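Readers should treat all values here as calculations from the given coordinates under stated rules, not as data from a laboratory. Since this is a predicted model, take the numbers as computed values, not measurements. Reconstructed Cβ throughout: ideal geometry from the backbone, glycine too, with neighbour counts over all protein chains shown.
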Amino acid sequence: MVAWLWTLLIFILCFIPGKDLPDVKVPLIDKWAHIILFGVFSYLWHAVNPANSTRYRLILLIITIYLGWLVEYVQGHYVPGRSQDNMDTLADGIGGLVGVMAYSMYYKMRNTRA
């Protein structure tokens, strides 16, 4: 349930029109936001299916990157005041990789203690 809600939050935040976004003067804040949003996304979806499978992790990473690209495409074509930024898609992929790796490490540590 939490993974679905986080996915919905990504769509809500990423589809806010440009004029409604706050003007934040922090370098690369947009990229960090994408890394965090999609890192948590992949972590939560990995937790839904905690299988220690390389195939699942790869599929999850591909889904994360595709979702990031799709969000950017929609922003660039349908959201007023927003544009498609391939560097945001890269940040989404980096976040996805970090999330998958973080959950994999958590899974490994949890199961070696048991």
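Checking the condition out of contact with any Gly (no Cβ under 8 Å at 6 or more places or on another chain) and under 22 Å from Leu97 (Cα atoms), which residue from Tyr43, Tyr73 passes?
Tyr73
Residues Asn86, Asn49: which one is under 18 Å from Trp32 (Cβ atoms), loosely packed, with under 14 Cβ neighbours inside 10 Å and not small (Gly, Ala, Ser)?
Answer to the check: Asn86.
Check every one of the helices (runs of 4 or more DSSP H) wholly within segment 1-87 and list those with 3 or more residues that are of a type in the set (Ser, Thr, Tyr).
54-78
Among the residues in segment 17-34, are any of a type in the set (Gly, Ala, Ser) and over 12 Å from the mean Cα position of the chain (by Cα)?
yes
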